[in-house]
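Below is one structure, written out as structure tokens, with a few remarks after it.
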Amino acid sequence: MLEDAFYIRQMWSFSRALDLGLVDEEIERGLQVSLGERHGERVAYIAMRLGRSLGLSKEGLVHLSVAGMVHDIGALGCFNSYNGDPRILEKHCLIGATMVERFPAGAILASAIKYHHETPDPQHSALRAPAEEVPLMARILSLADQIDLRLKRRLSNRRERDEILEWVTKETGTLFYPEVAEAFKQVAQKEAFWLDIEQPDLLQIALGLLCGQWQLPATRELKRGFVDDLAATFADLIDQKSKFTANHSRSVADTVERLAQGLGWEDDRRHEIYVAGLLHDLGKLSIPRRILDKPGPLDSAEVEIIRTHTYYTHRLLTEAGFPTRIAEWAAHHHERLDGKGYPFALSENDIDEGARIMAIADIFAALTEDRPYRQAMSPGEALALIQRGAGTMLDPRLVNLAKRILT
């Protein structure tokens, strides 16, 4: 059960990253709804409560909760092709199902996500699948999703709750499957259900219901396998946010691993910093595309927004229980030796070797990629520009290493 609890905690943090990326005007225009903050985790919680009422096993509840957390992963997965396009409603179900197939219990998650916009009346369905094809988990997610979309981001009052119950009753058999609607009516009688949804520690509430009151360790050593798939999946999602960063996260990961190898790092540490490279821009999911793809210089307010991404990377990876060194390697790539970096303005002594080579890898990858305001530089041109930052921004010894390895 401890293993399940840590898995849920890890996925909960990544669902928050998804939510940051989904609160974007282009995605909301395509879906024709305003998703609101914490949508994935709230849907997961509502779905889990419905699943408990319907008698799902503990294993089934874990799978259902994870499916709720990432049910809209396909909306980011097809961002470049369908942002602002109503077809994203259908496409994100299909693409999301494909993306989660490599996760634990991937077939179960894929089926739930593929059909989470299906309804008893095909006229309101995304795929218009016959009822016998729609599994119970997808039926639960469908109602949980719609409930959260109607809830305000504050404590609801009695009148608002009664209106939701009346709406579910009215739309049973049209928008909602009867057995799930009945379960919701039972759950909704509990005052705690409504109060829980708005609590900042919703994860702990969910873990208490699913697994008992576990005291999870703050961090956990990296395990190969699922974490690699998770990091690769989110690296691709991060880079989808801008048409100019199609391979940036993977390029940084490859580059920083080469630098670590040049330093003689052992295999396990090289693997860890590769994962950190994949996730170094995780917080960039929170940055609107209009800023990421702006063709001209950013104004001061936009610069402030851009600078938040490393803070969110640190928070998300820490909350997910990644080892401290990996969270720091990923999040400190805009720190500087002269103390003028962000978001923590670290001094030279506080920036370790992994973060220092991550900074070089990030700059090198960015300079050798096209951007809205310039074409890609050659490796030699990029390294010449990097050399100018040696001693103030970057470690001179490691800049020399990069010049040997990256040319």
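Kindly list the number of the only condition in (1) at pLDDT 85 or above; (2) touching a Leu at 6+ places or on another chain (Cβ under 8 Å); (3) under 28 Å from Asp228 (Cβ atoms) that fails for Leu56.
(3)
When residues of the range 319-343 are filtered for being among the hydroxyl-bearing types (Ser, Thr, Tyr) and either in contact with a Gly (Cβ under 9 Å, 6 or more places away or on another chain) or over 18 Å from Arg269 (Cα atoms) (or both), how many remain?
Number satisfying all stated conditions: 1.
Which one is nearest to Ile88 (Cα to Cα) among residues in the range 113-135 that are modelled with pLDDT of 95 or more and of a type in the set (A, V, I, L, M)?
The qualifying residue nearest to Ile88 (Cα to Cα) is Ile113.
Conditions tested, residue by residue: (1) modelled with pLDDT under 85; (2) assigned by TED's automatic domain parsing to the domain that holds Thr318; (3) in contact with a Leu (Cβ under 9 Å, 6 or more places away or on another chain).
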position: Gln204; (1), (2), (3): no, no, no
position: Leu207; (1), (2), (3): no, no, yes
position: Ala218; (1), (2), (3): yes, no, no
position: Ala253; (1), (2), (3): no, yes, yes
position: Val256; (1), (2), (3): no, yes, no
position: Leu278; (1), (2), (3): no, yes, no
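Is the range 253-261 home to any residue that is buried (at least 24 other Cβ atoms within 10 Å of the Cβ), more than 17 Å from Gly354 (Cα to Cα), out of contact with any strand residue (DSSP E or B) (no Cβ under 6 Å at 6 or more places or on another chain) and not small (Gly, Ala, Ser)?
No, the range 253-261 contains no residue that is buried (at least 24 other Cβ atoms within 10 Å of the Cβ), more than 17 Å from Gly354 (Cα to Cα), out of contact with any strand residue (DSSP E or B) (no Cβ under 6 Å at 6 or more places or on another chain) and not small (Gly, Ala, Ser).
Looking at (1) buried (at least 18 other Cβ atoms within 10 Å of the Cβ); (2) aromatic (Phe, Trp, Tyr); (3) more than 18 Å from the chain's Cα centre (by Cα), can you tell me which one Phe244 breaks?
Among (1) buried (at least 18 other Cβ atoms within 10 Å of the Cβ); (2) aromatic (Phe, Trp, Tyr); (3) more than 18 Å from the chain's Cα centre (by Cα), the lone unmet condition for Phe244 is (1).
Among the residues of the range 364-374, is there at least one that is within 29 Å of the chain's Cα centre (by Cα), surrounded by fewer than 17 Cβ atoms within 10 Å (Cβ to Cβ) and among the hydroxyl-bearing types (Ser, Thr, Tyr)?
There is at least one residue in the range 364-374 that is within 29 Å of the chain's Cα centre (by Cα), surrounded by fewer than 17 Cβ atoms within 10 Å (Cβ to Cβ) and among the hydroxyl-bearing types (Ser, Thr, Tyr).
Checking the structure you have, find out if any residue of the range 275-285 is under 26 Å from Ala5 (Cα atoms) and surrounded by fewer than 22 Cβ atoms within 10 Å (Cβ to Cβ).
no
State which residue is farthest from Ile238 (Cα to Cα) when the search covers only the range 59-87 and only residues that are assigned to a loop (DSSP other than H, G, I, E, B) and modelled with pLDDT of 90 or more.
Taking the candidates together, the pick is His71.
Here are some residues: Ala384, Ala359, Ala390. Which one is free of Cβ contacts under 8 Å to residues at least 40 places away in the same chain and in contact with a His (Cβ under 6 Å, 6 or more places away or on another chain)?
Within the list Ala384, Ala359, Ala390, the selection yields Ala359.
Tell me, which helices (runs of 4 or more DSSP H) lie completely within the range 294-407 with 2 or more residues that are touching a strand residue (DSSP E or B) at 6+ places or on another chain (Cβ under 7 Å)?
353-367, 396-405
Among the numbered conditions (1) part of a helix (DSSP H, G or I); (2) at pLDDT 90 or above, tell me where Asp239 comes up short.
All conditions pass for Asp239, except number (2).
Residues being closer than 26 Å to Ala5 by Cβ and exposed (fewer than 14 other Cβ atoms within 10 Å of the Cβ): count how many of those fall in the range 294-347.
The number of residues fulfilling the criteria is 1.
Where the second residue is not in a helix (DSSP H, G or I) and the first is in the same structural domain as Arg128 (by TED's automatic domain parsing) and lies in the range 170-182, which pairs have Cβ atoms under 6 Å and are six or more apart or on separate chains?
Filtered contacts from the range 170-182: Gly173/Pro120; Thr174/Asp121; Leu175/Thr119; Tyr177/Pro120; Pro178/Thr172; Ala181/Thr172.
Determine which member of the set Leu202, Leu143, Leu165, Leu210 is in contact with a helix residue (DSSP H, G or I) (Cβ under 9 Å, 6 or more places away or on another chain), among the aliphatic types (A, V, I, L, M) and free of Cβ contacts under 8 Å to residues at least 24 places away in the same chain.
Leu165
Let me confirm something: among Ala138, Ala110, Ala192, Ala183, which residue is of a type in the set (Gly, Ala, Ser), modelled with pLDDT under 95 and out of contact with any strand residue (DSSP E or B) (no Cβ under 9 Å at 6 or more places or on another chain)?
Step by step, each of Ala138, Ala110, Ala192, Ala183 is checked, and only Ala192 is of a type in the set (Gly, Ala, Ser), modelled with pLDDT under 95 and out of contact with any strand residue (DSSP E or B) (no Cβ under 9 Å at 6 or more places or on another chain).
This table checks each residue for (1) part of a helix (DSSP H, G or I); (2) touching a strand residue (DSSP E or B) at 6+ places or on another chain (Cβ under 8 Å); (3) surrounded by fewer than 17 Cβ atoms within 10 Å (Cβ to Cβ); (4) in the same structural domain as Ser111 (by TED's automatic domain parsing).
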site	(1), (2), (3), (4)
Leu143	yes, yes, no, yes
Leu149	yes, no, yes, yes
Ile164	yes, no, no, yes
Pro200	no, no, yes, yes
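How do the pairs read when you match residues in the range 48-68 that are not assigned by TED's automatic domain parsing to the domain that holds Ser15 and surrounded by fewer than 24 Cβ atoms within 10 Å (Cβ to Cβ) with residues anywhere that are in a helix (DSSP H, G or I) and modelled with pLDDT of 95 or more, using Cβ under 8 Å and keeping only pairs 6 or more apart or on different chains?
That search, which allows pairs on different chains as well, returns nothing.
Does Thr174 qualify as being surrounded by fewer than 16 Cβ atoms within 10 Å (Cβ to Cβ), touching a His at 6+ places or on another chain (Cβ under 8 Å), farther than 25 Å from Val62 by Cα and not charged (D, E, K, R)?
So Thr174 fits the description; yes.
The values are calculated or read from the model by the stated rules, or taken from the named source; none is laboratory data. The model shown is predicted, which means the values in this text are computed figures rather than measured ones. Heads up, the Cβs are rebuilt from the backbone with ideal geometry, glycines too, and the neighbour counts pull from every protein chain shown.
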